[in-house]
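Read the structure below first, then the notes.
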Amino acid sequence: WLIGGRRGDRPSIPSDLSQTLGEVEAADVVAAVNHLSPALVVAEYSSTAPLLAECDVPLRAVLLHDVFALRARAFADHAIPPDHARLSVDQEQRRVAAANICIYASLREKATLSKGLPGQTHIWLPPRVATCDYPEESDPFAVFVGVRHGGNTDSLHMLLNDIWPRVLDQHPEAKLRIAGEICEAVSCPPRGVTLLGHVPDLGSVGGPDAIGLAPVRAASGVSIKVANYLGCGMSVLASPPALDGYDDTLSDLVQIADDPDSFADALVALFKNHTLRRQRARRGVRELPGRLDNRDIVSVLSSMAMRAGAVEKPKSEQNLTCAS
């Protein structure tokens, strides 16, 4: 659809995620891997993980950015059209059965899928912390950032239809900036809302007077926007599902609101309370790097690689991190 110039309506399943490769392409991938004789091969689980069983490699890892069975369940619970092929948890476990290491984007999904795979090593890969320069002084404004997929579209519709009118009733001068591909989902922005489109530098909409919003209903994988907001010096207001992928790692850095009324009330309070807004923002950007570091996964990969004789013990963790 993208290559064709976006002609016609966007399809309900806009990508090939969760679709496995065709027979010819799969054979080519396996042949290429085995020709290289690598010490470690990492597969994207939804499309290429089934090929791991045919790869003659000492260490096989799979990167799970989403567990689509849980994504489909969350979408169905809120009557959101699926944006991927539907799979069961059993099907997903079979796809990754040949891996030695399962690397998860989401702690919640790690807990779910690992129960049926006791013989493998399961590890969380936290999202990379986005750090950026941002303005220190400005008038307060809210921010919603996202690519266009079913979960983000549903979140934005809830924000604009259910939350934002309540905010304007209490705080008529409130401002909301929407950034990213998700702007395509808005045909007529309400009062106080600005569509920015693609923003090359998220720091331009960050800072301690910006309030990052994540009103998520159907969660899957990990909500990258939450970490990005914190890393760009914003205070953050989110619904509980937005933090599912982090478990309790970020809970005390983010303000939680359960429903549109409480979300709107909390947002208005942040608009009006300069001190609270800035305290939350500065604590978040200060503590985030220590909460989302890669020490665990570096330790696991280095230990397994050394046992396989693939690498010498690194001189420093930083050298290993760069090599990874």
Residue in region 277-294 that is surrounded by the fewest Cβ atoms within 10 Å (Cβ to Cβ), counting only those that are among the basic types (Lys, Arg) and more than 18 Å from residue 248 (Cα to Cα): 282
Which numbered condition residue 83 misses (of (1) charged (D, E, K, R); (2) at pLDDT 85 or above; (3) closer than 22 Å to residue 22 by Cα): (2)
Scope region 30-60; condition part of a helix (DSSP H, G or I), in contact (Cβ under 8 Å) with a residue 24 or more places away in the chain and open to solvent by 50 Å² or more (accessible area, probe 1.4 Å); matching residues: 50, 53, 54
Members of region 219-252 that are in a helix (DSSP H, G or I), of a type outside the set (Val, Ile, Thr) and open to solvent by 10 Å² or more (accessible area, probe 1.4 Å): 225, 228, 240, 241, 243, 244, 251, 252
Selection within region 185-237 - among the acidic types (Asp, Glu) and touching a strand residue (DSSP E or B) at 6+ places or on another chain (Cβ under 8 Å): 209
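Of the residues 162, 169, which single one is more than 23 Å from residue 251 (Cα to Cα), charged (D, E, K, R) and out of contact with any helix residue (DSSP H, G or I) (no Cβ under 6 Å at 6 or more places or on another chain)? Full working, then the answer.
Values: 162 fails: out of contact with any helix residue (DSSP H, G or I) (no Cβ under 6 Å at 6 or more places or on another chain).
After ruling out the rest, the residue left standing is 169.
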Restricting region 132-145 to residues that are surrounded by 17 or more Cβ atoms within 10 Å (Cβ to Cβ) and not aliphatic (A, V, I, L, M), the residue that is nearest to residue 237 (Cα to Cα): 144
Any hit, region 275-291, residues being outside any helix (DSSP H, G or I) and either farther than 20 Å from residue 228 by Cβ or not β-branched (Val, Ile, Thr) (or both): no
Single residue of region 253-274 satisfying the filter (part of a helix (DSSP H, G or I) and touching a helix residue (DSSP H, G or I) at 6+ places or on another chain (Cβ under 6 Å)) that is nearest to residue 170 (Cα to Cα): 268
Filter result for residue 209 (touching a Lys or Arg at 6+ places or on another chain (Cβ under 7 Å) and at positive phi): no
Out of 53, 39, 43, 69, sole residue that is farther than 23 Å from residue 24 by Cβ and modelled with pLDDT of 80 or more: 39
Residue match in region 198-208 (condition: open to solvent by less than 80 Å² (accessible area, probe 1.4 Å) and modelled with pLDDT of 95 or more): no
Hits in region 108-127 - residues which are open to solvent by 40 Å² or more (accessible area, probe 1.4 Å) and among the acidic types (Asp, Glu): none
Lone qualifier among 105, 27 - being among the hydrophobic types (A, V, I, L, M, F, W, C) and open to solvent by less than 40 Å² (accessible area, probe 1.4 Å): 105
Test: residue in region 170-190 that is crowded, with 24+ Cβ neighbours inside 10 Å and over 26 Å from residue 283 (Cα atoms): no
Those residues of region 61-84 which are more than 16 Å from residue 114 (Cα to Cα) and crowded, with 16+ Cβ neighbours inside 10 Å, in sequence order: 71, 72, 74, 75, 80, 83, 84
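Condition test on residue 265, is it open to solvent by 60 Å² or more (accessible area, probe 1.4 Å), of a type in the set (Asp, Glu) and modelled with pLDDT under 95?
no
The values are calculated or read from the model by the stated rules, or taken from the named source; none is laboratory data. Because the structure is predicted, anything quoted here is derived from the model rather than measured. Cβ atoms come from the backbone with ideal geometry, glycine included; neighbour counts cover every protein chain shown. Surface accessibility is based on the protein's heavy atoms, side chains included, excluding ligands, DNA and RNA. Shrake-Rupley method; radii C 1.70, N 1.55, O 1.52, S 1.80 Å.
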